[in-house]
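Any read-out appearing in this document is the output of simple, stated calculations on the displayed coordinates, not a laboratory observation. Note that the structure is a prediction, hence the values are computed from the model and not measured. Cβ coordinates were reconstructed from backbone atoms using ideal geometry, including for glycine residues, and neighbour counts include every protein chain displayed.
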Amino acid sequence: MIERRRHQQRGGPRQPGTRGGVFRQEITDAERLLAAVLYERKLGTRQVLADAFGVSLGTLNNALVDAQPVLREAGITLPPASTRFAPGAELLASVDSNTPTT
């Protein structure tokens, strides 16, 4: 979805296989959507999310610019979380502690 939207913004049709080319993305489409969901839930600042995903703030900002319209077009609205994390490591630790074990 994000790749199609990106090409349409540039005025051209979606180009198949563009992700496998020279300009490999630092963050996948799934990670972009996850980052947008976490940001919409206000789990942390953009810098906290960038730290958690291991990317620069600029990369995260670009990911949010790509993914947030997809959430809006799908009619997805998310309530704010009850907890807001300060460092990215704290956010990741909370995910690890909430993951069920088998």
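For the reader, a short list of remarks on this structure follows.
- With R₀ set to 22 Å, the beta-carbon distance separating Leu78 from Thr28 gives a calculated FRET efficiency near 0.60.
- Projecting label points 7 angstrom from Cα along Cα→Cβ for Asn62 and Ala89 puts them 2.8 nm apart.
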